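So the structure is just underneath, and the comments pick up after that.
Nothing in this text is a laboratory measurement; each read-out follows from the coordinates by a stated rule. The shown structure was predicted, so the numbers you read here are calculated from the model rather than taken from an experiment. Here Cβ is always computed from backbone atoms with ideal geometry, including for glycine, and neighbour counts include all displayed protein chains.
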Amino acid sequence: MTQDDPRKDYWNGQYLEYWRSRVAEAGAGTSDVVAGDPNTEGDEVYNRVFDRYGFEPGRLLEVGCAWGRMFPLYKARNLKITGLDISEAMIGAARESWEADDSIEGLVVSPAEELPFPDESFDNLACLAVLDATRQDEALTEFLRVVRPGGRLYVTGKNDLYHADDTEALAAEIGARKKNHPNFFTDTKELLEVMSRQGHTLVGQHYFERRGDFAAFHSIETPRLPFYEYLLVFERGESYARVPKISATHSKTFQNQ
Ligand SMILES: C[S@@+](CC[C@H](N)C(=O)[O-])C[C@H]1O[C@@H](n2cnc3c(N)ncnc32)[C@H](O)[C@@H]1O
């Protein structure tokens, strides 16, 4: 990665304050920060998922950790945490709160697509509310490289086909593009097929039909199109290969309008 990665300006700019306000009002309900938009997911949603699927004992890498709002959840599960984010501003904020904490092994500025860690160095990886901002084929290939066989991966993302009448999802897609927010939509069926072909086990799957369903944890556990978001939990297989392109900058729903 070069220092002039054009994505950094966006994540180093006002995004930190924006995401702090969104997290502060997390939970079911309607946002005041983005008038009328559903609120984002709160800790109770993730606690529920982590309780259900668990972690491997040992080390966890959180990709796109921001200021470490999830760290207390990992700490409560006795994990040794490394946080990574593309944004110096986010990692700066994480250092202020967490640098001295015994559970923290590292706080690193780097993009998801180039993880500065040896192969198979983590027992777990979490990438929550971040994969949609990354070049997903490159990021997922890196995730599979740094997690050991048998290790656990939690990923969330946006599906490339959501309901045509999900006006909040459509408004969010259009709004993100206007702000130059990096935004990729996954061909989730293809993602599941690639992971299965490579021998990774799907441990948990949650699909959220409409924008806002994730925050309310209103989920379906079979991939029935259309849906807006997904949360997937995998166990890494014995080996991995490069992940092919599985995402696009525009959803099919937007293109079909
Ligand atoms: C929506 S926030 C989510 C933060 C955190 N996971 C949470 O749920 O609170 C997205 C985070 O991903 C980071 N990010 C965006 N693109 C990234 C990339 N390509 N590599 C690493 N981090 C990235 C941003 O800087 C930001 O902190």
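Overview of values
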quantity: The range 7-255 - convex hull of alpha carbons, volume per residue in Å³; calculated: 111
quantity: Integer Hz, Karplus 6.51/-1.76/1.60 couplings in order for the range 37-48, x for Gly and Pro; calculated: 6, x, 5, 8, 6, x, 4, 5, 5, 5, 4, 4
quantity: Dipole axis of the range 1-59 (+1 Lys, Arg; -1 Asp, Glu on Cβ), positive-most option in PHE50, TYR15, PRO38; calculated: PHE50
quantity: Karplus 3J(HN,Hα) series, Hz, for the range 162-176 with 6.51 cos²θ - 1.76 cosθ + 1.60 (x for Gly, Pro); calculated: 10, 4, 4, 9, 7, 5, 5, 5, 5, 4, 5, 5, 5, x, 4
quantity: In sequence order, calculated HN-Hα J values of the range 138-155 (Karplus, 6.51, -1.76, 1.60; Hz; x Gly/Pro); calculated: 5, 5, 5, 4, 5, 4, 5, 5, 8, 8, 6, x, x, x, 10, 10, 10, 9
quantity: Cα principal axis extents for the range 23-118, largest first, Å; calculated: 43, 31, 27
quantity: Share antiparallel - DSSP beta bridges, the chain, percent rounded to 5; calculated: 50
quantity: Relative pair counts by distance (%), Cα atoms of the range 193-244, 10 Å bins; calculated: 24, 42, 28, 6
quantity: Relative contact order, percent, the range 7-255 [alpha-carbon distance under 8 Å, six or more residues apart]; calculated: 20
quantity: Cβ-based charge dipole, the range 83-157, positive-most Cα from LEU84, THR141, PRO111; calculated: THR141
quantity: Non-local Lys pairs in the chain, i.e. 8 or more apart or on different chains, that have alpha carbons under 26 Å apart; calculated: 15
quantity: Cα centroid separation, the range 187-207 to the range 21-93 (Å); calculated: 23
